[in-house]
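Bear in mind these aren't lab numbers, they're just calculated from the coordinates by the rules spelled out. Keep in mind the model is a prediction, meaning the values are calculated, not measured. Every residue, glycine as well, gets a Cβ built from its backbone with ideal geometry; the counts of neighbours run over all protein chains shown.
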Amino acid sequence: MNIPLFSRYTGWTLITIGVAGFFTGSTLLYFRVSDALNIFYITTGILAVIAGTGRGFPFLLTVLGSVYALVAAIGLIRSGDLFGFAEVNTANHLLFILVAAGCLFFGTTPKKRKDALPPFPSEPPPAQ
């Protein structure tokens, strides 16, 4: 999966969760939702979509990954309470951790993965 595709897919997923959260009660499927969380999802989703369209996407993905890692850590440490702004549950924690891991991975991985990683052992070495 390339970086812009990951970024846009993640962004549109977050935007969808955020918008759909306004039309449900306190939960959306397994996710705990509130107005604050919906705005957070929509805002970060828009930033992720923007990151998928420009040249500065590694930096923006790294920032988004760091923000999601921080929110996940705060939610885990405070037992699901994000300083009174929102209540989160296990599904939210998993979403935060997955988004943080993906954004940090793709945000810090060099563009040309073949230059960054050695070839798979079953592949012949590249011709020179």
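Could you grab the pairs with beta carbons closer than 7 Å, sequence gap of 6+ or different chains, first residue in the range 83-99 and within 22 Å of W12 (Cβ to Cβ), second one surrounded by 19 or more Cβ atoms within 10 Å (Cβ to Cβ) and of a type in the set (S, T, N, Q)?
V99/T10
Kindly list the number of the only condition in (1) in contact with a strand residue (DSSP E or B) (Cβ under 7 Å, 6 or more places away or on another chain); (2) exposed (fewer than 15 other Cβ atoms within 10 Å of the Cβ); (3) of a type in the set (D, E, K, R) that fails for R78.
(1)
Taking the condition in contact (Cβ under 8 Å) with a residue 40 or more places away in the chain and surrounded by 20 or more Cβ atoms within 10 Å (Cβ to Cβ), does L29 pass? Break it down stepwise before answering.
On the way: in contact (Cβ under 8 Å) with a residue 40 or more places away in the chain: yes; surrounded by 20 or more Cβ atoms within 10 Å (Cβ to Cβ): no.
Judged against the criteria, L29 is not a match.
Out of the residues in the range 1-15 meeting the condition of being among the polar types (S, T, N, Q) and in contact (Cβ under 8 Å) with a residue 12 or more places away in the chain, tell me which one is surrounded by the most Cβ atoms within 10 Å (Cβ to Cβ).
First, the residues of the range 1-15 that are among the polar types (S, T, N, Q): 2, 7, 10, 13.
After this cut, where a residue has to be in contact (Cβ under 8 Å) with a residue 12 or more places away in the chain as well, the list is 7, 10, 13.
Numbers: S7: 27, T10: 23, T13: 15.
Taking the candidates together, the pick is S7.
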